[in-house]
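Everything on this sheet refers to the single structure shown next.
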Amino acid sequence: MSFFDSIKENFSDLFIDAPSYRAVLFGDDAIYLENVRAIVGYSSEEVKLSLKKGGLAIKGENLYLKKYCDGDLAVCGKIASIERI
Amino acid sequence: MWKDCVDRKNLGVVYAVYYLSGVNLDRFVNHLVSRGVALFNVRKKGNKRLSFCVNLKENKKFFAIINKLWYNNKNLSLEDGQSVALEGGYQLKRLRTSGKLSFLYYLAKNVGLIIGGVIFVAVSTLASDLVFSVDFSGDGNANRARVQEYLTERGVVKYTRFSDLDLNALADGILADDSSLSFVSCSKRGNRLKIYLQSAKTPPTILDESVRQLVSNIDGVIEQIKVYRGSAVVKVGDVVKNGDLLVDGFVTAGETQLEVNVLAKVVIVCEREFEFVHQSNDAEQLAIAYAEQELGETEVVSTEVEKTSFENDTKYIVKLRYRRLLSAG
């Protein structure tokens, strides 16, 4: 069972609709996302993602994609902000 | 799956590192990922350059996708250091193979190197156990011929194995075999058998300091006298007889007489007669030879031969004058 699935099971009343994406932030150093459709823009200062509904912009310094496959994305670097776009 | 990001153990997998240059690099990345190729450590270097890693297990799938999308279906495969130009203005280069187990990948691609390395180690190990030469050193080197003979008898020759030799026992054997040696050591230096030989030195003669007088044991005339300690009683030219005192064990220091041990050397010229009878009248040399043989090993000063008739033969009287050295100390 995945980490998110176990949270969903334990806190099922919090989840009315299945979220379009899931994200876990590890301090300011990394963010892990699921259900990412595509990368819209990528540079070492900003990563723009396309999600099922809307998009996400991760801003920071020295950003790089630690792993990207099957809708899972891990972005590492100094993360300054995460915005919905 | 999210654990893969932080689980460093997964980095033990072998990766191929690629470098991509061109425009629309995000599109390239998205195309690959949407077709199931996982990318790792995607780093952008400027607007038109990107580096990323692909699991070596997915390398075939990676190139299959690239062939189809950007290389007109030709068979494409890159080795470390190779690059290729793709459609759409992309330039792809394979930089290296990385990962903790990447050395195994390298070894698998160079099996001949592994086999050669194994053979080299095996031959080196075997060869280092063989004796290629025997080197001698030390001041007992003069005995090397005898020691070499000893070694040959015991089967210690070229190409003998060191592991078959007990070097300590060998050194003991060489020492026991040659009494002129005082110390022997055997050691291994690479493929050389090093043998150190130390010769035995003759201890010096201890002087006899108990002689108080030098007395003559023969009749004769003093030819030479040297006194190092004691007092001479005779001088050169004196006639002495058996039992006469030659050097006494005392010295005079002022008005005092001190007893000392005698240290002196006296040369006495002696005379001896020999008689021989021979039927020939012309056998002087023969008589002299017989006389010298009878006298033994000593220095002959002069020879006189006198002939007389004896019945029907000739009698030879040979007088030999010779030196006798007497010493004390």
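The values are calculated or read from the model by the stated rules, or taken from the named source; none is laboratory data. Bear in mind the structure is a predicted one, so any value in this text is a computation, not a measurement. For neighbour counting, all protein chains shown are included, and Cβ atoms are generated from backbone atoms with ideal geometry for every residue, glycine included.
Here are the numbers for the structure shown:
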{"quantity": "Test: residue in the range B:111-127 that is surrounded by 10 or more Cβ atoms within 10 Å (Cβ to Cβ) and not in a helix (DSSP H, G or I)", "calculated": "no"}
{"quantity": "Residue check for A:Val47: within 12 Å of chain B (Cβ to nearest Cβ), assigned to a strand (DSSP E or B) and at pLDDT below 90", "calculated": "no"}
{"quantity": "Filter result (assigned to a helix (DSSP H, G or I), touching a strand residue (DSSP E or B) at 6+ places or on another chain (Cβ under 8 Å) and within 11 Å of chain A (Cβ to nearest Cβ)) within the range B:17-68", "calculated": "B:Leu25, B:Asp26, B:Phe28, B:Val29, B:Asn30, B:Leu32, B:Val33, B:Ser34"}
{"quantity": "The one condition in (1) over 22 Å from B:Leu130 (Cβ atoms); (2) surrounded by 12 or more Cβ atoms within 10 Å (Cβ to Cβ) that B:Ala176 fails to fulfil", "calculated": "(2)"}
{"quantity": "Verdict on B:Glu284 being acidic (Asp, Glu) and crowded, with 16+ Cβ neighbours inside 10 Å", "calculated": "yes"}
{"quantity": "Checking B:Asn59 against (1) surrounded by fewer than 18 Cβ atoms within 10 Å (Cβ to Cβ); (2) farther than 28 Å from A:Gly60 by Cβ, the condition it does not meet", "calculated": "(1)"}
{"quantity": "Residue selected from the range B:128-162 under the condition on the phi > 0 side of the Ramachandran plot and either among the small types (Gly, Ala, Ser) or in contact with a helix residue (DSSP H, G or I) (Cβ under 7 Å, 6 or more places away or on another chain) (or both), by the criterion surrounded by the fewest Cβ atoms within 10 Å (Cβ to Cβ)", "calculated": "B:Gly155"}
{"quantity": "Matching residues in the range B:207-233 - criterion: being free of Cβ contacts under 8 Å to residues at least 24 places away in the same chain and of a type in the set (Val, Ile, Thr)", "calculated": "B:Val233"}
{"quantity": "Options A:Ile85, A:Ile31, A:Ile58: the member that is surrounded by 15 or more Cβ atoms within 10 Å (Cβ to Cβ) and either charged (D, E, K, R) or more than 10 Å from chain B (Cβ to nearest Cβ) (or both)", "calculated": "A:Ile58"}
{"quantity": "Selection status of B:Val247, among the β-branched types (Val, Ile, Thr) and without any contact (Cβ under 8 Å) to a residue 60 or more places away in the chain", "calculated": "no"}
{"quantity": "Options B:Val267, B:Val247, B:Val236; residue that is within 15 Å of B:Ser216 (Cα to Cα), in a loop (DSSP other than H, G, I, E, B) and among the β-branched types (Val, Ile, Thr)", "calculated": "B:Val236"}
{"quantity": "Residue match in the range B:112-124 (condition: on the phi < 0 side of the Ramachandran plot, of a type outside the set (Lys, Arg) and touching a strand residue (DSSP E or B) at 6+ places or on another chain (Cβ under 9 Å))", "calculated": "no"}
{"quantity": "Some residue of the range A:52-70 being within 19 Å of B:Val54 (Cα to Cα), free of Cβ contacts under 8 Å to residues at least 12 places away in the same chain and in a strand (DSSP E or B)", "calculated": "yes"}
{"quantity": "First in the range B:293-316 and closer than 21 Å to B:Val267 by Cβ, second anywhere and surrounded by 12 or more Cβ atoms within 10 Å (Cβ to Cβ) and of a type in the set (A, V, I, L, M, F, W, C), Cβ under 7 Å, 6 or more apart", "calculated": "B:Leu295/B:Leu320; B:Val300/B:Leu320; B:Val301/B:Val269; B:Thr303/B:Ile288; B:Thr303/B:Val318; B:Thr303/B:Leu320"}
{"quantity": "Flag for B:Gln257 being polar (S, T, N, Q) and at pLDDT below 85", "calculated": "yes"}
{"quantity": "Residue in the range B:187-197 that is in a loop (DSSP other than H, G, I, E, B), touching an Asp or Glu at 6+ places or on another chain (Cβ under 7 Å) and modelled with pLDDT of 85 or more present", "calculated": "no"}
